[in-house]
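To start, the structure under review is shown below, and the notes come after it.
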Amino acid sequence: MSGKHKLIAALDAQIAALDAQSLRRRLRIAESPCAPHVQVDGRPMLAFCSNDYLGLASHPRVIAALQEGAALYGAGSGASHLISGHSRAHALLEERLAAFMSPQIEHVRALYFSTGYMANLAMLSALGGADVELFSEELNHASLIDGARLSRSQVKVYPHGDVAQLANLLRDSKAAKKLVVTDSVFSMDGDLAPLAALLSLCEQYDAWLVVDDAHGFGVLGAHGRGVLEQLDLRSPNLIYMGTLGKAAGVSGAFVAAHASVIEWMVQRARPYIYTTASSPAVAHALQTSLDIIEGAEGIARRAQLHSLIAYWHESMRPRQWQVIASDTAIQPLVIGDNAKAMQIAAALYEQGYWVPAIRPPTVPAGTARLRVTLSAAHEKADVARLVAAILELEKIQE
Ligand SMILES: *Cc1c(COP(=O)(O)O)cnc(C)c1O
C-alpha cells in the first residue's frame, strides 16, 4: 500500500484547514478531580472553566453516596428505562426532583435523563412535529437547536431577548401548536432571558414555554430551584429542564412539567426510550446532591458564590476591556480581537490560570472574550490572583 487511504486523506485535509485558521480544538487531560486547584497535563493550575458552580463534583458526601449507590444497585442499569433499567434509585430521584420543583409547577412530575443534551432532544422531539411551530431564541444552546431539528417542527428564530419580535411571530402564527424555547441563563454572556414577559406571551397565545435552566438550577433562587424560583414564576404552560452535571456536580438532567407532559414523553420521546438508563449509582448520588442544594450547606455555598461574583465586579476594573454585567457564575471579559483574546488566554495558562477564550462564531464578531466561571469552591484569594494577573496583562498590552 502506498500513500493514505482516500477517505482518510480527505478528513486530514479538513483537519489541516482548521489548524491553518487556528480553529483546531485540543483535549487537555485533567489528572485530578474537578476542583479549583487541578493538575492538568502534569501541571498544577487554578481553574476558572468548570460548571461545577457549587463545588459538589468532588464533595466527600456525594462521592460516598456514589460508592454507596454502586454497592446497593450495582454499576450498570442493564437496559433502557421501559425494559428493565428503571431502578428504585431512578424512581426516588424523580420523586425528589418533582417535590423540589413543586412550588413552581402544578401537578409536577419529573423525568430523569442521562444528559441534558438527551433531555433537550427528548423534550423537543416529543412535543414538536410537522404541525408545530417552534420559536427558538437566537442564542439557544446547541442541544436545543438539534432538538428542534429532530422534532421536524417549523422553526422560527427570534432575536436575542426580543420579546416584541416574538410577540409579532406568535400573533402571525397559524399553527395549532406552538412551542417557545429558550435558555434561561445564556452561556456566553451570563445574562437572563426575560422569562416573565415570555411566559405571559405564551399564556396569551396558548404556547408552551420550554426553559433550559442548565446554568440556573442549584445556583439561582433562595432554595436553588433555579430561575423559576428566582423570578417567582409558576404556570401550567411551563416545561422546565435542569441539568445535574453542573451545579449538582454529578451528571444527567431532568425535565419537570405537568404529569401529562411527562407521560407523553415516556410514551413518545425516542431519545428517552431507545437508550440504556444511566447507572443507578449516579441517580443515588444525585439524591445527596439535592440534600446539599436544598439544605443549609446549599444556602451557604450559594452565598459564597454570590460574594465571589460581587467581588469580581468590584475588583475587575479594566481600562479598555469590557466586563459584562452578569449576576450568574458566568463572567465574560470582552477583549474584542480574536488573536488578542487567544494570546491573553495563553499567557494566563502559562502563569497557571486556566480560563477559556471564546471566539466567533460562538460569540459575535469583534467580541472575542475570556469566559471566567466562578464556583463556591473558589476562595476570594483565588479570584484576587486571577484579577491581578489579568489587569497586569492588560497593562503590558498598552
Ligand atoms: C450544558 C448544557 C446543556 C447540556 O447538558 P449536559 O448535561 O452537559 O448534556 C444543555 N443546555 C445548556 C444551556 C447547557 O449549558
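Where a number appears in this text, it was derived from the coordinates with a stated rule and is not lab data. These numbers come from a predicted model, not from an experiment. Here Cβ is always computed from backbone atoms with ideal geometry, including for glycine, and neighbour counts include all displayed protein chains.
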Given an 8 Å cut-off on Cα distances and at least 6 residues of separation, report the relative contact order of the range 60-294 as a percent. 32 percent
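Based on DSSP H runs of at least 4 residues, each adding -39500 (n - 2.57), what is the mean residue ellipticity at 222 nm of the chain after dividing by all its residues, to the nearest 500 deg cm²/dmol?
Values: 14 runs with 169 residues, N = 398.
Value at 222 nm, helices only: -13000 deg cm²/dmol.
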Cα Rg, Dmax (largest Cα-Cα span) when computed across the range 51-148, Å: 16.7, 49
What percent does the relative contact order of the chain come to when contacts are Cα pairs within less than 8 Å and at least six residues apart? 22 percent
Just to confirm a number: summing +1 for Lys and Arg and -1 for Asp and Glu over residues other than residue 292 whose beta-carbon lies under 9 angstrom from that of residue 292, what do you get? -1
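Give me the Kirkwood hydrodynamic radius of the range 1-123 in Å, from all C-alpha pairs, to one decimal place? Don't skip to the end; give the middle numbers.
On the way: mean 1/r = 0.0514 Å⁻¹.
With all distinct Cα pairs of the range 1-123 included, I get 19.5 Å.
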Given the peptides 94-100, 360-366, 287-293, arrange them by the average over their residues of other C-beta atoms within 10 Å, most packed first. 287-293, 94-100, 360-366
Can you pull the Kirkwood radius for the range 271-398, inverse mean 1/r over Cα pairs, to one decimal in Å? 16.7 Å
In whole Å, largest first, the alpha carbons of the chain cover along the principal axes 64, 59, 53
per DSSP, antiparallel bridges as share of beta bridges in the range 60-294, % nearest 5, sits at 40 percent
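Give me the orientation-averaged projected area of the Cα convex hull of the range 60-294, in nm², one decimal.
Working: hull surface 46.2 nm².
For the range 60-294, averaging the hull's shadow over all directions gives 11.5 nm².
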